[in-house]
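A.B. asks: One structure, pasted below without further comment.
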């Protein structure tokens, strides 16, 4: 029975690491059996209660890819309906600090340059962010920034 006083469910916070290393972004491909299997995304995951977004990203990226990152700058947020839930996707620009990326919790990982991003089939929640990053590269990564 639906409770008419409950309102919509609270969004689930998800950290999405936009890791740019030597001019290329780290992408992960979703595993068979996952929702949106075979699609690509910026790696990340669900923020735990009481966890900062930065700590969430560092933890998730180590768990998923084995690399250590440093979150640098908040880029944007997108809300994405997923069944009866709403995901609040937080995209954060991160530096790769240490390690070689491996697919620990995904099907594959890949490094892609700005001009290559459009060749990948992204999950719907990431797609417009990919477009925005490629169209507004100078806004998000100004001349003189480490890209």
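A.B. asks: Can you show me the helix-derived [θ] at 222 nm for the chain, built from DSSP H runs with n ≥ 4 at -39,500 (n - 2.57) apiece and divided by the number of residues, rounded to the nearest 500.
C.D. replies: The helix contribution divided over the chain gives -5500 deg cm²/dmol.
A.B. asks: Compute the long axis of helix 53-65 from its Cα atoms, compare it with the longest principal axis of the Cα atoms of the chain, and write down the angle in degrees, 0 to 90, nearest 10.
C.D. replies: 70
A.B. asks: What does the C-alpha gyration tensor say about the overall shape of the stretch 13-140? Classify as rounded when a/c is under 1.5, otherwise prolate if a/b is larger than b/c, or oblate.
C.D. replies: Numbers: a/c = 1.13, a/b = 1.06, b/c = 1.07.
Rounded.
A.B. asks: Would you mind classifying the stretch 58-122 by shape? Square roots of the alpha carbon gyration tensor eigenvalues, ordered a ≥ b ≥ c; an a/c under 1.5 is rounded, otherwise it is prolate if a/b is larger than b/c and oblate if not.
C.D. replies: Working: a/c = 1.44, a/b = 1.33, b/c = 1.08.
Rounded, because the longest to shortest axis ratio a/c is under 1.5.
A.B. asks: Report, to the nearest 10°, how far helix 124-135 tilts away from the longest principal axis of the Cα atoms in the chain, using its own Cα long axis and a range of 0 to 90°.
C.D. replies: 30
A.B. asks: Need one word for the stretch 15-58: rounded, prolate or oblate. Basis is the Cα gyration tensor (sqrt eigenvalues a ≥ b ≥ c); a/c below 1.5 gives rounded, then a/b vs b/c decides.
C.D. replies: Note, shape of the stretch 15-58 comes out oblate.
A.B. asks: Next question. Between residue 137 and residue 31, what's the calculated FRET efficiency when r is the beta-carbon distance and R0 is 22 Å? Round to 0.05.
C.D. replies: 0.15
A.B. asks: Suppose a student asked you for the relative contact order of the stretch 1-137, using Cα pairs under 8 Å spaced at least 6 residues apart; what percent would you report?
C.D. replies: Value for the stretch 1-137: 31 percent.
A.B. asks: Oh, and also: Express as a percent, rounded to the nearest 5, the fraction of DSSP beta bridges in the stretch 13-140 (both residues included) that run antiparallel.
C.D. replies: For the stretch 13-140, the DSSP antiparallel bridge percentage is about 75.
Rule-based calculations on the coordinates, nothing more; no lab input. The structure presented is a predicted model; accordingly, all values stated were derived computationally and were not measured. Here Cβ is always computed from backbone atoms with ideal geometry, including for glycine, and neighbour counts include all displayed protein chains.
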